[in-house]
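The values are calculated or read from the model by the stated rules, or taken from the named source; none is laboratory data. Predicted model, so just to flag it, every value in this text is computed and none were measured. Note that we place each Cβ from the backbone using ideal geometry, even for glycine, and neighbour counts take in every protein chain shown. Keep in mind that these areas ignore ligands, DNA and RNA; they rest on the heavy atoms of the full protein, side chains included. Shrake-Rupley method; radii C 1.70, N 1.55, O 1.52, S 1.80 Å.
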Amino acid sequence: MSKPRFLVSLTTSDNDYQIEQAQSADAAGRKLGVEVQIVFADNDAINQSTQVLKAIQSAPGARPNAIIFEPVGGTALPQVAQAAVSAGIAWAVLNRDAAYISDLRKTATAPVFGLTSDHVEIGRIQGRQFKALLPHGGSILYIQGPSENSAAKERTLGMRETKPANIQVTMLKAQWTEESSTRSVRSWLKLVTSQRAPIDLIGAQDDSMAIGARKAFEELTNESEKERWLKLPYTGCDGLPKTGQAWVRSGVLTATVFVPPNAGQAIELLFQAIQSNRQVPERVLTVPVSIPGLSELRPAPQM
């Protein structure tokens, strides 16, 4: 049998979690003897669709045996998924619940499934962190992912489910990158209301956006204002060893939520399923963890 070829389509190379996704996919490919091609969509859903379709429509001998992708936009490319399945290509969706998976599995000759982080639970953990850090209530500046992204919506839902009613949330939007978060906070700081906002904590839906928020406050020219903002607790999500966890150890972040990368796991599941000619369960979940543990978090000093 020739060496299996897997295509991995990720959202952007400007995000620590996506970089870790690529590394986990590459490591799994080397371990299993799978030829892994990794492409990044630059946070552009049309670009992602074009990249994946090009692979599906290539000559039969050059087509991938499986496509693993993490969607950029609000949809998980249902037409592209159908084209892949019609071509006999296995299809795995990462970190998104795609409604079409159940229907595709009825006719697919290759494995079709979703492997996702439990985004609602990630949000719940973050809400519990807010409760531990602000036991008497307070106000949070919260940087959310893109409005149309289901992961961002689900993390917000989970956070609101567990945060106490006496914690108020001011919401900003960014694009899962450090620079987009810096721009969003910069714009917010130009508002007159932001200067008087009694914010007690900065929370972000991923670590890179938390760092981006810090950078915006570091740019302030008023030293007392800068010091006030930088003394606040900052929390994020993803918690990767070389970034989020390292930032918690150094004190740049107060807390994060570890979200295990799952691209490599998807490759392993697909490889085993193809080898054994079996399906993978329709929906597989990874398990997030608070870092540090919730019992280790201490109340933040209120400004």
So Ala151 fits all but one of (1) at pLDDT 95 or above; (2) closer than 25 Å to Ala41 by Cβ; (3) assigned to a helix (DSSP H, G or I); what number is the exception? (1)
Identify, from the list Gly29, Gly114, the residue that is buried (at least 22 other Cβ atoms within 10 Å of the Cβ), part of a helix (DSSP H, G or I) and touching a helix residue (DSSP H, G or I) at 6+ places or on another chain (Cβ under 9 Å). Gly29
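Could you list all residues from region 32-52 that are farther than 16 Å from Arg5 by Cβ and either in a loop (DSSP other than H, G, I, E, B) or out of contact with any Gly (no Cβ under 9 Å at 6 or more places or on another chain) (or both)?
Phe40, Ala41, Asp42, Asn43, Asp44, Asn47, Thr50
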Tell me which residues, restricted to region 259-291, are in contact with a helix residue (DSSP H, G or I) (Cβ under 7 Å, 6 or more places away or on another chain) and not β-branched (Val, Ile, Thr). Pro261, Ala263, Gly264, Glu268, Phe271, Gln279, Glu282, Pro288, Ser290
What is the number of the single condition among (1) among the aliphatic types (A, V, I, L, M); (2) over 18 Å from the mean Cα position of the chain (by Cα); (3) open to solvent by less than 50 Å² (accessible area, probe 1.4 Å) that Ala99 does not meet? (3)
Search region 117-135 for residues being under 21 Å from the mean Cα position of the chain (by Cα), in contact (Cβ under 8 Å) with a residue 40 or more places away in the chain and open to solvent by 20 Å² or more (accessible area, probe 1.4 Å), and hand back the single one that is farthest from Ile68 (Cα to Cα). Arg128
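Tell me whether region 162-169 contains one or more residues that are in contact with a helix residue (DSSP H, G or I) (Cβ under 6 Å, 6 or more places away or on another chain), part of a helix (DSSP H, G or I) and modelled with pLDDT of 95 or more.
Yes, region 162-169 has at least one match.
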The conditions are (1) surrounded by 13 or more Cβ atoms within 10 Å (Cβ to Cβ); (2) more than 16 Å from Val112 (Cβ to Cβ), and Pro78 fails exactly one of them. Which is it? (2)
Report, by residue number, each residue of region 51-66 that is among the basic types (Lys, Arg) and either touching a residue at least 40 places away in the same chain (Cβ under 8 Å) or surrounded by 15 or more Cβ atoms within 10 Å (Cβ to Cβ) (or both). Arg63
(1) part of a loop (DSSP other than H, G, I, E, B); (2) hydrophobic (A, V, I, L, M, F, W, C); (3) under 19 Å from the mean Cα position of the chain (by Cα): which one isn't true of Ile199, the others all being true? (3)
When residues of region 252-279 are filtered for being small (Gly, Ala, Ser), over 18 Å from Ser208 (Cβ atoms) and open to solvent by less than 50 Å² (accessible area, probe 1.4 Å), how many remain? 3
